[in-house]
1. Given the condition over 32 Å from the mean Cα position of the chain (by Cα) and under 19 Å from Phe175 (Cα atoms), answer yes or no: does some residue in region 52-74 qualify?
2. Identify all residues within region 265-306 that are among the acidic types (Asp, Glu) and more than 25 Å from Ser251 (Cα to Cα); write none if there are none.
3. Consider region 48-72. How many of its residues are on the phi > 0 side of the Ramachandran plot and touching a Lys or Arg at 6+ places or on another chain (Cβ under 8 Å)?
4. For Leu247, indicate whether it is touching a residue at least 12 places away in the same chain (Cβ under 8 Å), within 30 Å of Phe225 (Cβ to Cβ) and either exposed (fewer than 11 other Cβ atoms within 10 Å of the Cβ) or touching a helix residue (DSSP H, G or I) at 6+ places or on another chain (Cβ under 7 Å) (or both).
5. Report those strands (runs of 3 or more DSSP E) wholly inside region 245-351 carrying at least 3 residues which are among the aliphatic types (A, V, I, L, M).
6. In region 1-49, which residues are in contact with a Leu (Cβ under 8 Å, 6 or more places away or on another chain) and part of a loop (DSSP other than H, G, I, E, B)?
7. Restricting to region 79-108, name every residue that is charged (D, E, K, R), crowded, with 17+ Cβ neighbours inside 10 Å and either under 22 Å from Gly194 (Cα atoms) or at pLDDT below 95 (or both).
8. Let me confirm something: among Tyr143, Tyr138, which residue is hydroxyl-bearing (Ser, Thr, Tyr), under 40 Å from the mean Cα position of the chain (by Cα) and closer than 17 Å to Ala189 by Cβ?
Amino acid sequence: MAINQEKKSNRLLGGRRFTSADLNTSQEAFTSVLDLQSSEIYTQGSLIPSSGLPYSGSSQSGQIYTAQSNNIMKYWYRFRLTKSNVDEDVWFFASPTGSNSGITPQLIDSGQQTNFISPKYSDVSLANANTEDGTPGYGVRVYKSTSTDSGSLGGSDVISGNDYQFDYKTGVLQFESALNSSDIVYMSAYQYVGTTLATGLNIDGDITANQFVVSSSITYMTSSFMSGSTMFGDSIDDTHQITGSLLLSGSFLPTKDDLLDLGSSTFQWKDLYVDGTSNIDTLSLTDGFTYNGVTFNTSGSNHLSISGSSFDFKATNSDNLFTLYNGSDEISVQIDDKVIVLGASTTTPTAQAGGLFYSGSDEWFLGYSNAPT
């Protein structure tokens with residue numbers, strides 16, 4: 001028994017399976033019947049204008065309409081189509097235009113253009129308008145002529161829409177009856193050149209996902225809001241690059257104590273502004289720092305240099321207010337309350353003018369430049 005093609009196509013278009021012509025349509029199961037690739041789904045369809053189409057003349061052929069800095073649609077003005085080499089009733093929108101003898105319909109030509117914009121994207125008032133009208137719509141305008149000059153085409157060369165069917169998705173034009181072998185067919189049309197599901201995704205609403213995985217990179221050009229907790233990466237070796245400022249309304253914390261660095265010896269932060277208390281286990285400075293007009297720096301190896309206009313030191317103990325030790329942790333000088341105590345020196349140092357030392361045997365020695373008179 002031959003397959004009933006009419007019943008099969010009607011059921012498939014209705015979203016049902018076709019198993020047998022002996023069953024009624026209502027007896028067939030509903031199923032998914034459309035096999036769509038991601039490259040066939042427009043993701044910027046909302047940017048296609050429904051009115052006020054920008055192009056309709058010869059000077060605008062090849063122009064690209066953009067929206068939000070994205071290419072959305074291209075205008076083709078009286079482009080010459082390529083016929084089938086089997087018969088004169090099928091023509092292809094192939095760019096560049098193919099041989100005058102035609103191309104095979106059994107294979108898709110490498111230049112075959114697809115994704116033309118149909119009248120369904122236009123305002124209701126433009127449903128019957130074509131791409132060359134004074135107020136253009138998305139209906140294609142088709143010409144038939146023996147002339148190779150598209151500029152010579154006139155109203156008598158326009159083919160009625162009742163005499164052909166154009167597949168806006170595949171770019172294939174079919175006539176109700178074959179044309180003459182000498183006829184040349186031209187078409188004006190709008191083609192979608194925006195992103196598809198394979199190349200990009202524009203969503204005006206929300207995206208809700210249990211897991212959002214990015215295998216390459218994310219480029220974000222405005223702002224993003226995320227509630228709850230967010231985790232980036234799964235290893236401390238991962239790198240996340242942010243260009244611009246990072247503003248926080250909460251704490252900036254590492255995942256573990258004493259694990260991560262803030263900057264490095266080769267990539268250092270510039271200036272640090274802290275309005276509060278800095279709790280630092282060890283502070284290592286390679287350059288001088290200034291506190292309230294007093295500069296602390298090094299002068300030579302292991303030599304501390306402090307510069308300021310004057311110095312005040314205050315201790316609250318009654319004794320042992322200020323102590324200097326030598327390399328052997330022995331007291332060199334100690335200042336008690338209104339008393340200066342020198343550490344004992346068991347060897348006699350070289351005398352220096354103005355020098356004073358204590359021998360540790362109740363003897364004091366004062367150095368001077370000249371013998372006393």
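1. No; the residues of region 52-74 include none that is over 32 Å from the mean Cα position of the chain (by Cα) and under 19 Å from Phe175 (Cα atoms).
2. Within region 265-306, the subset among the acidic types (Asp, Glu) is 271, 275, 281, 287.
Selection gives Asp287 alone.
3. Kept after step one, since they are on the phi > 0 side of the Ramachandran plot, are these residues of region 48-72: 52, 62, 68-69.
Still in the list and also touching a Lys or Arg at 6+ places or on another chain (Cβ under 8 Å): 62.
Total satisfying the criteria: 1.
4. Numbers: touching a residue at least 12 places away in the same chain (Cβ under 8 Å): no; within 30 Å of Phe225 (Cβ to Cβ): yes; either exposed (fewer than 11 other Cβ atoms within 10 Å of the Cβ) or touching a helix residue (DSSP H, G or I) at 6+ places or on another chain (Cβ under 7 Å) (or both): yes.
Spelling it out, it is not the case that Leu247 is touching a residue at least 12 places away in the same chain (Cβ under 8 Å), within 30 Å of Phe225 (Cβ to Cβ) and either exposed (fewer than 11 other Cβ atoms within 10 Å of the Cβ) or touching a helix residue (DSSP H, G or I) at 6+ places or on another chain (Cβ under 7 Å) (or both).
5. Numbers: elements: 289-291, 294-298, 304-307, 322-325, 331-336, 339-342.
Passing ranges, in order: 331-336, 339-342.
6. Selection gives Phe18, Val33, Ile41, Thr43.
7. Restricting attention to region 79-108, the residues satisfying the condition of being charged (D, E, K, R) are 80, 83, 87-89.
Restricting the remaining residues to those that are crowded, with 17+ Cβ neighbours inside 10 Å gives 80, 83, 88.
Matches in region 79-108: Glu88 only.
8. Working: Tyr143 fails: under 40 Å from the mean Cα position of the chain (by Cα).
Selected residue: Tyr138, the only one of Tyr143, Tyr138 that is hydroxyl-bearing (Ser, Thr, Tyr), under 40 Å from the mean Cα position of the chain (by Cα) and closer than 17 Å to Ala189 by Cβ.
The values are calculated or read from the model by the stated rules, or taken from the named source; none is laboratory data. Computed from a predicted model, the values in this text were never measured in an experiment. FYI the Cβ positions are ideal-geometry reconstructions off the backbone, even for glycines, and counts take in every protein chain you see.
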